[in-house]
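The values are calculated or read from the model by the stated rules, or taken from the named source; none is laboratory data. These numbers come from a predicted model, not from an experiment. So basically every Cβ, Gly included, is an ideal-geometry build from the backbone, and we count neighbours across all protein chains shown.
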Amino acid sequence: MSKISRVLIQGAGIGGLVAATALARRGVHVDVVEHRPPGAVLGVGLNQPGNALAVMREIGVLDDCLRRGYQYSDLRVITADGATVDIPPPPFPGVPPNNAIQRRELCQVLLDAARNAGARLYHGTTLSEIREEADGVHAAFAAKADGATVPEAARYDLLAGFDGIRSQVRKHVFGDRYDAEYTGFTCWRISLPRPAELDRIVYSLSGDVKATLIPLGATDSYVALVAPQEQIGVRPTASQIADTIKTLLGRFPGWIGELAAVVSADSASAAFSPIEQVTLREPWYRGRVVVAGDAAHASTPHMAQGAAMAAEDAVVLAQCLDAEHDVEKALRTWWERRMPRAGFVQDYSAALLRSESGVPTSLDEELLRTPMPAAQARLAEPY
Ligand SMILES: Cc1cc2nc3c(=O)[nH]c(=O)nc-3n(C[C@H](O)[C@H](O)[C@H](O)COP(=O)(O)OP(=O)(O)OC[C@H]3O[C@@H](n4cnc5c(N)ncnc54)[C@H](O)[C@@H]3O)c2cc1C
């Protein structure tokens with residue numbers, strides 16, 4: 001391990017918790033601050049492709065994820081004219097190709113893993129001061145939720161910002177240069193009873209609306225609908241979100257359209273979010289401050305790889321700090337390993353978004369000459 005013995009991670013999402021586990025297992029003192037209260041998990045479900053499962057194996061939680069999730073092999077595309085195309089996954093050595101899981105289940109597995117590895121987690125608090133020093137960072141904290149336990153102000157060898165799309169740590173290092181950019185599309189999500197036809201991830205297009213349906217177990221499923229929207233105005237209310245989901249689902253033929261009938265106006269799981277991208281066009285670190293996961297490269301959800309990329313960032317960061325004594329060199333190696341892979345996911349996902357909505361650029365068309373199976377095969381290569 002390099003000279004890093006104390007690390008502060010901001011953000012107890014997927015990337016932050018994987019980083020906490022990977023570093024604490026190597027004997028590093030890790031503190032994690034998360035501004036949400038414990039148990040507040042955003043989103044419904046998630047697909048873990050084989051590369052994400054390889055990370056779960058590396059940090060020792062693969063069996064837990066598989067026990068709580070739903071494994072399947074091919075992904076299915078239902079075209080606008082109703083044709084069904086099944087795309088087999090590339091081989092991922094030693095792990096299943098796909099595991100669909102409830103976000104709250106995955107979060108619990110990762111929280112337990114981080115704690116068991118020795119990381120200290122503080123919910124309901126956030127950084128109130130970041131002072132960079134030659135070989136470390138001085139940090140102070142503020143409570144964001146009632147009753148939160150706030151860590152003492154302290155010095156760390158490294159600060160890692162896994163704090164998502166509106167990252168405060170990214171803002172600290174880069175100002176507003178890399179603020180999230182709205183793509184012109186929104187995502188409407190809901191948890192529904194699992195229809196019998198849904199035994200693998202299904203993608204379907206109806207006009208300019210894309211549906212992604214994920215089985216989450218014997219009885220549950222998760223539906224995400226991506227639709228164009230020029231501007232984001234006032235945030236919709238819960239019943240408006242449910243109404244929109246009903247309308248969008250109703251545009252699909254067959255069993256997907258029939259799901260509109262089971263969407264109820266008071267569904268607690270119905271959620272809306274603008275689809276935004278972050279593209280950090282320079283090294284994802286400065287001195288002893290690192291920015292990773294969605295904070296560095298949030299992408300459109302079209303490859304279901306964002307959380308996988310955050311998890312890969314996290315374990316590769318720990319590997320690089322482990323292998324190289326010189327911290328600057330370790331961080332450079334980390335970024336050089338991560339940037340092409342996360343950039344590929346981001347570019348390919350955005351190209352899919354634009355091409356499916358009928359407005360691909362010539363660069364998108366060039367990129368999409370690599371068909372989906374070959375794109376996935378690239379991600380089956382070691383991270
Ligand atoms: C509709 C949709 C579907 C998706 N489906 C998939 C999928 O199937 N598979 C997949 O791999 N990816 C998927 N993704 C992407 C995935 O959700 C993200 O890429 C992933 O969650 C990023 O992880 P992260 O740890 O970088 O950030 P996040 O998960 O956003 O975690 C950031 C954490 O930081 C905390 N935080 C933020 N600011 C502060 C602050 N100031 N102080 C303290 N804490 C803070 C947040 O509360 C949060 O807990 C999807 C995304 C969308 C929008």
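Identify, from the list ARG103, ARG120, the residue that is of a type in the set (D, E, K, R), touching a Leu at 6+ places or on another chain (Cβ under 6 Å), surrounded by 15 or more Cβ atoms within 10 Å (Cβ to Cβ) and under 27 Å from TRP334 (Cβ atoms).
ARG103
All told, GLU133 falls short of being of a type in the set (Asp, Glu), buried (at least 21 other Cβ atoms within 10 Å of the Cβ) and more than 27 Å from ILE214 (Cα to Cα).
To keep it simple, each residue is scored yes or no on (1) more than 14 Å from the ligand (Cβ to nearest atom); (2) of a type in the set (S, T, N, Q); (3) on the phi > 0 side of the Ramachandran plot.
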{"position": "GLY217", "(1), (2), (3)": "yes, no, yes"}
{"position": "ASP220", "(1), (2), (3)": "yes, no, no"}
{"position": "PRO236", "(1), (2), (3)": "yes, no, no"}
{"position": "SER239", "(1), (2), (3)": "yes, yes, no"}
{"position": "ALA261", "(1), (2), (3)": "yes, no, no"}
{"position": "VAL278", "(1), (2), (3)": "no, no, no"}
{"position": "PRO283", "(1), (2), (3)": "yes, no, no"}
{"position": "ARG286", "(1), (2), (3)": "yes, no, no"}
{"position": "GLN305", "(1), (2), (3)": "no, yes, no"}
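For the residues GLU276, GLU230, GLU282, GLU258, the requirement of being surrounded by fewer than 15 Cβ atoms within 10 Å (Cβ to Cβ) and touching a strand residue (DSSP E or B) at 6+ places or on another chain (Cβ under 7 Å) singles out GLU230. In the set VAL55, VAL7, VAL85, only one residue is within 12 Å of the ligand (Cβ to nearest atom) and either in contact with a Phe, Trp or Tyr (Cβ under 8 Å, 6 or more places away or on another chain) or part of a strand (DSSP E or B) (or both); that residue is VAL55. Of all residues in the stretch 45-64, those that are closer than 28 Å to LEU192 by Cβ have Cβ atoms under 8 Å from Cβ atoms of residues that are within 13 Å of the ligand (Cβ to nearest atom) and of a type in the set (Asp, Glu), 6 or more apart or on another chain, in ASN51/GLU312; ALA52/GLU312.
Within the stretch 16-50, the residues that satisfy the criterion of being within 7 Å of the ligand (Cβ to nearest atom) and over 14 Å from the mean Cα position of the chain (by Cα) are VAL33, GLU34, HIS35, ARG36.
Taking the conditions exactly as written (of a type outside the set (Ser, Thr, Tyr), modelled with pLDDT under 95 and surrounded by fewer than 16 Cβ atoms within 10 Å (Cβ to Cβ)), does ALA153 satisfy them or not? No. Among the residues making up the stretch 98-149, a single one is within 10 Å of the ligand (Cβ to nearest atom), on the phi < 0 side of the Ramachandran plot and assigned to a loop (DSSP other than H, G, I, E, B): LYS144.
Name the residues in the stretch 188-199 that are surrounded by fewer than 18 Cβ atoms within 10 Å (Cβ to Cβ) and part of a strand (DSSP E or B), would you?
PRO193
Within the stretch 51-79, the set of residues being farther than 22 Å from SER221 by Cβ and over 19 Å from the mean Cα position of the chain (by Cα) comprises GLY60, ASP63. Looking across the stretch 307-334, the residues that are closer than 22 Å to ALA375 by Cβ and either touching a Leu at 6+ places or on another chain (Cβ under 7 Å) or crowded, with 24+ Cβ neighbours inside 10 Å (or both) come down to ALA307, ALA308, MET309, ALA310, ALA311, GLU312, ASP313.
The lone criterion from (1) assigned to a loop (DSSP other than H, G, I, E, B); (2) farther than 28 Å from VAL137 by Cα; (3) charged (D, E, K, R) left unmet by LYS246 is number (1).
Output the residues belonging to the stretch 206-215 that are touching a helix residue (DSSP H, G or I) at 6+ places or on another chain (Cβ under 9 Å) and either within 16 Å of the ligand (Cβ to nearest atom) or assigned to a loop (DSSP other than H, G, I, E, B) (or both). Correct list: ASP208, VAL209, LYS210, ALA211, THR212, LEU213.
SER357 passes every criterion in (1) under 30 Å from TYR203 (Cβ atoms); (2) at pLDDT 95 or above; (3) surrounded by fewer than 21 Cβ atoms within 10 Å (Cβ to Cβ) apart from (2).
Of all the criteria given as (1) away from the ligand (no atom under 16 Å from the Cβ); (2) modelled with pLDDT of 95 or more; (3) surrounded by fewer than 22 Cβ atoms within 10 Å (Cβ to Cβ); (4) not polar (S, T, N, Q), the one not satisfied by ASP347 is (1).
Annotation: VAL315 fulfils all but one of (1) in contact (Cβ under 8 Å) with a residue 12 or more places away in the chain; (2) closer than 30 Å to LEU205 by Cα; the unmet one is (2).
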